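Only one structure is covered here, and it is reproduced in the block below.
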Amino acid sequence: MTNPLGQVTNVVTQVAESVLGIVGIRVGTEEPPHDTERLTGGLEIRRYRPRIAAETTVEAPEERARNEGFRRLARYIFGGNGGSDKIAMTAPVSQAGSTGSKIAMTAPVTRSGDDENGWVIRFFMPSKWTLATLPTPDDDRVRLVEVPAETMAVLRFTGDRGPATIAKKSDELRKTLRDNGIEVTGEPQAWFYDPPWTLPFRRRNEVVVPVVT
């Protein structure tokens, strides 16, 4: 039997979280656990522990790939899976009704790759889940993967997050690392923490790259 009070509470919660999301306030959004060392020029070194992600590869131009990948992964955490547990959603994902498991979304959403070979879009799963307990995606384009512990150099910025800005910030990150004698071991990635409707100057965006320290 439907609980009218519960529905009203969910709607109020969704509206409140959407309003907060406009100004970049993230309510209860879990981030993958890590240790941080701050360096010069706004640069951080983060040491991430092993974690699990849902990911999908999209062969399309960067921004279109990001949007399509986000939709595929959102369908998974909204119930497009073979599970039966129901888990409350965290901002910025809605609590609107769906069948199957509901999996809290953590920050950030990540992307890596290129237009020629495809872009990999990832949602990191909340720490309470394991590969054994996560429900199987209904969409075979969505994969559950173990992400090993890694050390990442991170450059944070606000505002635009289009391809030109990402490329510029990635070059800035690599230059700062060269100037500080830090060895890069992979290609840059972009991480996004806020929904599209967040005011640009309140967005938290990052470019990251794996390093040896």
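Quick notes
- Under the simplified labelling scheme, the Leu39-Ala60 pair shows an inter-label distance of 3.5 nm, with each label point 7 Å from Cα along Cα→Cβ.
- Cα centroid of the range 141-205 to Cα centroid of the range 40-81, whole Å: 12
- Counting Lys and Arg as +1 and Asp and Glu as -1 over every other residue whose Cβ lies under 12 Å from the Cβ of Ile52, the net charge comes to +3.
- Computed from the C-beta positions of Arg204 and Thr136 and an R0 of 25 Å, the FRET efficiency is 0.20 to the nearest 0.05.
- Working ranking of peptides 117-127, 57-67 by packing, defined as the average number of other Cβ atoms within 10 Å per residue, highest first, is 117-127, 57-67.
- Were the residues from Asp114 through Asn180 laid out at 0.36 nm apart, the gain over their Cα-Cα distance would be 21.0 nm.
Each reported figure results from applying straightforward, stated rules to the coordinates on display, with no laboratory input. The model shown is predicted, which means the values in this text are computed figures rather than measured ones. Heads up, the Cβs are rebuilt from the backbone with ideal geometry, glycines too, and the neighbour counts pull from every protein chain shown.
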